[in-house]
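Nothing in this text is a laboratory measurement; each read-out follows from the coordinates by a stated rule. None of these values were measured; they are calculated from a predicted model. Positions of Cβ are generated from backbone atoms using ideal geometry, with glycine treated the same way; all protein chains shown enter the neighbour counts.
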Amino acid sequence: MTEGVRLVMLGRQGAGKGTQAIRLAQHYVVPHISTGDMLRAAVAAGTEFGLKAKEVMDAGGLVSDDIMVGVVDERLHQSDTTGRGYILDGFPRTVAQAESLAAITADRPLEVVVNLEVPEDVVAERITKRRVCRTCGHIYSVDAPPKHGWICDVDGGEVVQRADDTAEAVRKRLDLYAAETLPLVPFYAERGLLVEIDGLGSTDEVFERIFAAIDARR
Ligand code: ADP
């Protein structure tokens, strides 16, 4: 079997981060840990925590660092990640979260941080066209829909537009990304972990670029 990997995916909303994270997880046989998917699962389950998170998410805000760090800390101590590794998607999103992640993973440190670079005007269009499977999170687009209606090819779930993919929430998320998450690029560059990848092109082309960059570091 291929070696596992401990990897963080960074990239603006709509950069294709989730799609590539799922493929990387399949390739390296490690869990895809998407904090957005975990939060949406809590919302779907109707827990008290989910209801609180939903308000923040629908407005395009960020859930508090304390809560997110708690969620990820717990997930990264489950045996599937302690063994082969993980693809973290959507975490860290702030420097405080990145510092907590370093503490959580001190005994099995992060190996690589992939920053998927796609210009803002391109992502805005991609997000408005984005559709996702309600149950498995698989990502589609109005330009690349599932084979049969809006039914997921992977698990038969309903494919919908996310509640926070409205124009207003998207603008807020992009602004927050620039203010809170972009500082992680120099943060990880200083630590020698950053790989910058051009996110323009087909999903296959982008995947090959990421894969080659990870391979070159080994
Ligand atoms: P996107 O990258 O398109 O914004 P995600 O699916 O990663 O979407 O996250 C959806 C929402 O969940 C975010 O807008 C935010 O409200 C919340 N969220 C996810 N991950 C985090 C995190 N690490 N810290 C704070 N909030 C988060």
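Of the residues Ala178, Ala21, Ala169, which exhibits the maximal mean-square fluctuation in a Gaussian network model of the chain defined by a 10 Å Cα contact cut-off?
Checking each option, the largest mean-square fluctuation is seen for Ala178.
Bin by bin, in steps of 10 Å, what percent of the Cα pairs in the chain do you find, going until the bin that has the longest distance?
Here the calculated profile for the chain is 8, 34, 41, 17, 1.
Under the definition of Cα pairs under 8 Å and six or more residues apart, what whole-number percent is the relative contact order of the chain?
28 percent
So, with +1 on the Cβ of K and R and -1 on the Cβ of D and E, and no other charges, what is the size of the charge dipole of the stretch 1-60 about its Cα centre, to the nearest 20 debye?
That gives a dipole near 160 debye.
With +1 assigned to the C-beta of every Lys and Arg and -1 to the C-beta of every Asp and Glu, and no other charges, what is the dipole magnitude of the chain about the Cα centre in debye, to the nearest 20?
260 debye
Taking 7 Å along the Cα-to-C-beta vector as the label spot, tell me the Trp150-Glu74 distance in nanometres, rounded to one decimal.
Distance between the two pseudo-spin positions: 3.1 nm.
Multiplying the sequence separation of Met1 and Ala178 by 0.36 nm and subtracting their Cα-Cα distance, what value in nm do you get?
Value of the extension gain: 59.9 nm.
Can you give the net charge of the other residues whose Cβ lies under 12 Å from the Cβ of Tyr86, counting K and R as +1 and D and E as -1?
Summing Lys/Arg as +1 and Asp/Glu as -1 gives +1.
Modelling each spin label as a point 7 Å along the Cα-to-Cβ direction, I'd like the Thr203/Arg171 distance in nm, to one decimal.
3.0 nm
From the helices alone, meaning DSSP H stretches of at least four residues, give me the mean residue ellipticity at 222 nm for the chain, per-run term -39500 (n - 2.57), in deg cm²/dmol to the nearest 500.
-14000 deg cm²/dmol
At 0.36 nm per residue, and after removing the present C-alpha to C-alpha distance, how many nm does the segment from Glu190 to Ile104 gain when stretched out fully?
Once the chain is fully extended between Glu190 and Ile104, it gains 29.0 nm.
Modelling each spin label as a point 7 Å along the Cα-to-Cβ direction, I'd like the Phe49/Thr128 distance in nm, to one decimal.
The two pseudo-label positions are separated by 3.6 nm.
Give, as ranges by residue number, the residues of the stretch 1-41 whose backbone N falls under 16 Å from the point 7 Å along Cα→Cβ of Thr82.
Residues passing the 16 Å test: 31.
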